[in-house]
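The values are calculated or read from the model by the stated rules, or taken from the named source; none is laboratory data. Predicted model, so just to flag it, every value in this text is computed and none were measured. Methodologically, a virtual Cβ is constructed for each residue, glycine included, from the backbone with ideal geometry; neighbour enumeration extends over all protein chains shown.
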Amino acid sequence: MSTTKPSICRLCLAHCGILATAENGRLVKVTGDPDNPLFKGYTCPKGRALPEYHNHPERLLHSVKRQPDGGFQAIASEAAMDEVADRLRAIIARHGPRAVAIYMGTNSLPYPAGTACSFALLNAIGSPMFFTSNTIDQPNKQIAQALHGIWQGGDQDFDTADSWVLIGVNPVISKAAGIPCQNPAQKLKDAVNRGMQLVVIDPRKSETARRATVHLQPRPGEDPTILAGMIHVVLQEQLYDQAFVAEHAEGLEALRTQVAPYTPDYVAGRAGIEAAQLVRAARIFAGARRGAVNTGTGASFSMNSNLTEYLALCLTTLCGRWGRAGDVVTRPNAMLPPWQPRAQPFPPFPAWGFGEPMRMRGLTCSVAGMPTGALAEEILQEGEGQVKALICLGGNPMTAWPDQRKTYRAMQALDLLVTLDPQMSETARLAHYVIAPMLTLETPGMSQPAETGKYYGLGMGIPGTYAQYSPRIVEPPPGADLLEEWQFFHGLARRLDLDLELVMGYGFGPYAESPPSTLRLGRNEETDTETLYRRMAANARIPFDEVLRYPHGHVWDADVRIAPRDPDCTARLSLADTTMMAELQAFYHQYAQGGDTGDYPYRLVPRRSNQFMNSSGRNIARLHGGKTYNPAYMHPEDLTRLGLQDGDQVIIRSAYDYIDAIVEADATLRCGVIAMSHGFGDLPQDDGQTDSESGARLREVGSNTGRLLNTEVDFDPYSGMPRIGNVPVSVTVS
Ligand SMILES: Nc1nc2c(c(=O)[nH]1)N[C@H]1C(S)=C(S)[C@@H](COP(=O)(O)OP(=O)(O)OC[C@H]3O[C@@H](n4cnc5c(=O)[nH]c(N)nc54)[C@H](O)[C@@H]3O)O[C@H]1N2
Ligand SMILES: Nc1nc2c(c(=O)[nH]1)N[C@H]1C(S)=C(S)[C@@H](COP(=O)(O)OP(=O)(O)OC[C@H]3O[C@@H](n4cnc5c(=O)[nH]c(N)nc54)[C@H](O)[C@@H]3O)O[C@H]1N2
Ligand code: SF4
Ligand SMILES: [Mo]
């Protein structure tokens, strides 16, 4: 029997509406849902491969436990929870609650009850050691907003904008930020046809940059330079919105002083672009009526990223590109609570220096969360407070954390490593317990997590009052013993005699659209996912039952308008935060002192693939099409200079380590820049012993770019995020 039902792909933040077909209870086909009013039939190749994810022969259908000989044996999920709880209890008794940490990666997103329960469990234990992939991603977004202040009216709408600036972000592929992620390629095409002028700053002529009016193709790491240069032009040519700045911002003169040396000629020379193009970009943005500046990981990975984001916010504020009184709110919430925004700032607030201090490098918690870049050290550094137990959900530290060898030592040093993962990921292979979870279409889903994107950064979240809920589409495979994420954490809570308080937040730091709400999940309470989601959406603008009425999703006409500034409001957006201005000044002098490229003449930058989601999808033939490694993309001229051809094997060396890689020509890159996706490669223990062994292995699994990184040298002092992109490297023929 065949049934087709509407549902939600939850593999990335887009949360596309899909049609899922099951035959005899087995998922066989996923396509875009033409009746979904927001996505209108759009999906990407990953979403269409959901049947392969669900039915993969290597999928774990039982949890497994590591044996003394290093092998794994199936364990019943109830027994696994018993044993993990016992071991946690012993670790807490011996070392205290801080010895227990949780790391939440990208695949926790589809399971919002799981994330909430994991955080609640750690709270109940009394441990502050909750880490997420956010601090190895774009922590600069929250940090810069804290320093600049937040415009409560929110951002302007892409669909009505006449200009847009994208910096180190490639939403056509990543669906991450900037262009709304419901079919971004089409949205961009429509916008350009409508007359939108697009400025893209990216060392690669990306799929997004192809449609740019001005594409600045700079050296990596020069985003603060370029933004300071654009601000310089905007101020000098008086292109800024003087009324908006006078009413809502402060620090203009200090900013003017700091950007003064960033003249177009200076910027052009330093960033490797043309001065006239920089001026043109500034005039396009400032001369338009509506638009925004959005950044991505290219900008966040290459150092000085708080400064980049801060200057992006300053440029936005200078040009008054925020939702104004009377405008329709771009992101009014549907499964999140209703609120009435005003055309006024939420004033700047402390961005770091609170919460549990890390034991290394003066790092603390920040508005972006705990510094994941230092978690491996917290595990390795002996003494009071050492982390002894780590639970990972939806993450893969062995491919994702910077400095793979250190991460490897850390994973092995743990007394207890548990990961919830549907496959024997690189991290799972080092774990004591791997908990086999249900996959998305075996659990209910809702669009609420996609909406919360807006609390991370600008240009994220859902533009419109859109919501969708999907019940479970297929049962787990027959004979499987699987848990949902929340069931695992609730099961541990029951065994540890703890109740869970799930916290729903609607902002970050002290900024909140509405006060956080909590819901209690008693240790012995029987519940199900739909009930939990109903409770998590209890304060939503659109009542849960109303959302249920539209299985294909629905856009409500909420018509929420931005109210005028409160006459009593004294808040101002900051254009000249002292830390940021000091960094901008130091950044200028840093360059004057000369570069560091001698032994490492190339720069390695990140790049997302349309086929994979970080480390997921590499074992799905329909996605990899026979190519299971991550090429090192280089400009053809660089290849020629090195006497290399497509498919040749090279050694890429940073100051800390080296990897083998396979080169591939890509003329869209700037010369001197190498682009590679992360999430590939092996564990150090599986490095081939001989050249031919490692060469063959390389073509099977690719290279782990995280090996080239060092968490303790170039790192952000506030988020702890190390240099992940713009990495100086050399290339030699192997
Ligand atoms: N060198 C380098 N390092 C980077 C980056 C880079 O570009 N370059 N990018 C950084 C960024 S932006 C991020 S977000 C991090 C990513 O960091 P992580 O989130 O830690 O890494 P992922 O590869 O996304 O891990 C996802 C894991 O979830 C598992 N999984 C898949 N489906 C499910 C599911 O339904 N349930 C559960 N429980 N698990 C599932 C997958 O098998 C995989 O092991 O990496 C960061 N590290
Ligand atoms: N298909 C797919 N989608 C994904 C993911 C995936 O793996 N696959 N991963 C998800 C995750 S975890 C994240 S965080 C997002 C990331 O989403 P994005 O931030 O959009 O990541 P990328 O697509 O790699 O785009 C980054 C761009 O920055 C450019 N760049 C590199 N260095 C610099 C620099 O120094 N300055 C500037 N200005 N540009 C630079 C690169 O050339 C690249 O085009 O995507 C999410 N979506
Ligand atoms: S864009 Fe994201 S949510 Fe949409 S189909 Fe692709 S992976 Fe799924
Ligand atoms: Mo990410």
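One residue stands out among those in segment 113-145 that are among the hydroxyl-bearing types (Ser, Thr, Tyr), part of a helix (DSSP H, G or I) and under 15 Å from the mean Cα position of the chain (by Cα): the one that is farthest from ligand 2 (Cβ to nearest atom), which is Thr135. When segment 415-426 is limited to residues that are surrounded by 23 or more Cβ atoms within 10 Å (Cβ to Cβ) and more than 21 Å from His54 (Cβ to Cβ), the one that is farthest from ligand 1 (Cβ to nearest atom) turns out to be Leu417.
The criterion of at least 1 residues that are touching a Gly at 6+ places or on another chain (Cβ under 9 Å) and away from ligand 2 (no atom under 16 Å from the Cβ) is met by the following strands (runs of 3 or more DSSP E) wholly inside segment 576-664: 649-653.
Each residue in segment 258-307 was checked for being within 16 Å of ligand 2 (Cβ to nearest atom), among the small types (Gly, Ala, Ser), assigned to a helix (DSSP H, G or I) and over 19 Å from Leu604 (Cα atoms), and 3 of them qualify. Residues in segment 176-186 that are buried (at least 21 other Cβ atoms within 10 Å of the Cβ), farther than 13 Å from Gly298 by Cβ and not β-branched (Val, Ile, Thr): Pro180, Cys181, Gln182, Asn183, Pro184.
Going residue by residue through segment 415-433, is there one that turns out to be in contact with a Pro (Cβ under 6 Å, 6 or more places away or on another chain), among the aliphatic types (A, V, I, L, M) and either under 30 Å from His554 (Cβ atoms) or not in a loop (DSSP other than H, G, I, E, B) (or both)? Taking every residue of segment 415-433 in turn, at least one turns out to be in contact with a Pro (Cβ under 6 Å, 6 or more places away or on another chain), among the aliphatic types (A, V, I, L, M) and either under 30 Å from His554 (Cβ atoms) or not in a loop (DSSP other than H, G, I, E, B) (or both).
Does segment 114-139 hold any residues that are more than 30 Å from Val169 (Cβ to Cβ) and either touching a residue at least 24 places away in the same chain (Cβ under 8 Å) or within 10 Å of ligand 1 (Cβ to nearest atom) (or both), and which are they?
Within segment 114-139, Cys117, Ala120, Leu121, Asn123, Ala124, Ile125, Gly126, Ser127, Pro128, Met129 qualify.
Remark: pairs (first residue in segment 189-212, surrounded by fewer than 17 Cβ atoms within 10 Å (Cβ to Cβ); second residue in a strand (DSSP E or B); Cβ separation under 9 Å; 6+ apart in sequence or on different chains) = Val192/Leu198; Arg210/Val200.
Of all positions in segment 160-167, at least one carries a residue that is closer than 13 Å to His215 by Cβ, buried (at least 22 other Cβ atoms within 10 Å of the Cβ) and either within 16 Å of ligand 1 (Cβ to nearest atom) or modelled with pLDDT under 95 (or both). In the set (1) part of a strand (DSSP E or B); (2) over 25 Å from Asn710 (Cβ atoms), Gly459 fails one condition alone, (1). Number of residues in segment 149-159 that are of a type in the set (Asp, Glu) and surrounded by fewer than 23 Cβ atoms within 10 Å (Cβ to Cβ): the value is 2. So which residues in segment 107-127 are more than 16 Å from ligand 3 (Cβ to nearest atom) and either touching a Lys or Arg at 6+ places or on another chain (Cβ under 7 Å) or charged (D, E, K, R) (or both)? Selection gives Ser127 alone.
Remark: pairs (first residue in segment 548-577, under 19 Å from Gly326 (Cα atoms); second residue among the acidic types (Asp, Glu); Cβ separation under 8 Å; 6+ apart in sequence or on different chains) = Arg561/Asp327; Ile562/Asp327; Arg565/Glu247. Take the conditions farther than 24 Å from Ala254 by Cβ and either under 28 Å from the mean Cα position of the chain (by Cα) or buried (at least 16 other Cβ atoms within 10 Å of the Cβ) (or both) and apply them to Ala582. Does it pass? No; evaluated as a whole, the condition is false for this residue. Sub-9 Å Cβ pairs linking a first residue in segment 312-323 that is touching a residue at least 40 places away in the same chain (Cβ under 8 Å) and at negative phi to a second residue that is buried (at least 24 other Cβ atoms within 10 Å of the Cβ) and of a type in the set (Lys, Arg), at least 6 apart or interchain, are Leu315/Arg321, ordered by first then second residue. Within segment 430-448, does at least one residue satisfy the condition of being crowded, with 22+ Cβ neighbours inside 10 Å, of a type in the set (Asp, Glu), more than 30 Å from Trp339 (Cβ to Cβ) and at pLDDT 95 or above? No, the conditions are met nowhere in segment 430-448. Within segment 396-414, the only residue that satisfies the criterion of being buried (at least 24 other Cβ atoms within 10 Å of the Cβ), assigned to a loop (DSSP other than H, G, I, E, B) and hydrophobic (A, V, I, L, M, F, W, C) is Trp401.
Yes/no matrix, rows are residues, columns are (1) under 22 Å from the mean Cα position of the chain (by Cα); (2) more than 24 Å from Tyr456 (Cβ to Cβ); (3) hydroxyl-bearing (Ser, Thr, Tyr):
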site	(1), (2), (3)
Cys314	no, no, no
Arg331	yes, no, no
Leu336	yes, no, no
Trp339	no, no, no
Pro347	no, no, no
Gly353	no, no, no
Ser366	yes, no, yes
Leu375	yes, no, no
Leu414	no, yes, no
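Residues of segment 318-334 that are surrounded by fewer than 24 Cβ atoms within 10 Å (Cβ to Cβ), touching a Phe, Trp or Tyr at 6+ places or on another chain (Cβ under 9 Å) and not in a loop (DSSP other than H, G, I, E, B): none at all. Of the residues making up segment 680-699, just one is buried (at least 17 other Cβ atoms within 10 Å of the Cβ), in contact (Cβ under 8 Å) with a residue 40 or more places away in the chain and in a helix (DSSP H, G or I), namely Leu698.
Would you say Asp159 is in contact with a Lys or Arg (Cβ under 9 Å, 6 or more places away or on another chain) and in a loop (DSSP other than H, G, I, E, B)? Write out each step before concluding.
Numbers: in contact with a Lys or Arg (Cβ under 9 Å, 6 or more places away or on another chain): yes; in a loop (DSSP other than H, G, I, E, B): no.
Criteria not met by Asp159.
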